[in-house]
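The values are calculated or read from the model by the stated rules, or taken from the named source; none is laboratory data. Everything quoted here is computed from the prediction, not taken from an experiment. Glycine also receives a Cβ, built like all others from the backbone with ideal geometry; neighbour counts cover every protein chain displayed.
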Amino acid sequence: MIDTTFLFLKKQINQYLDIKTGENDALDITPFTDNTGQVVSDKLGLTLVNIEEERTHQQLPQLRPTAVGTVAKSNPKVRLNFHLLFSANFDTNYDEALKHIGYVITFFQAQNVFSPITHPGLPTSVEKLVFELL
């Protein structure tokens, strides 16, 4: 679920960046640093920083009757908060890095909610994605 959701998000942002910059696949899902600890360069990167369970709207397990007269327990939906980091490092072109980060911000200002109705390509296991800039 997480991988397909990130691939969906990458595709959406890359389509937007292609319109703005003419670059194909400007955004990549990548760790912030490589295996040697060096910051990944010449990229606009999307990195998962933290995952936490959303507890403000937590529901209790539901009991429902079955066709044979027994009771079945169904677990509530899992609601998660993902903290994402968008980073841009274009070695000698800091202006280009800032421009790309600005495009990511305007992308999420224009559309911060994704649902199967508005975005049919959303993975079927995802009910809705809501983004908040922090």
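So which residues in segment 27-42 are at pLDDT 90 or above and either touching a His at 6+ places or on another chain (Cβ under 8 Å) or not β-branched (Val, Ile, Thr) (or both), if there are any at all?
Residues of segment 27-42 that are at pLDDT 90 or above, as a first pass: 27-29.
Across segment 27-42, the qualifying residues are 27, 28.
With respect to the conditions (1) surrounded by 13 or more Cβ atoms within 10 Å (Cβ to Cβ); (2) free of Cβ contacts under 8 Å to residues at least 40 places away in the same chain, residue 25 falls short on a single one, namely (1).
Residue 42 passes every criterion in (1) at positive phi; (2) free of Cβ contacts under 8 Å to residues at least 40 places away in the same chain apart from (2).
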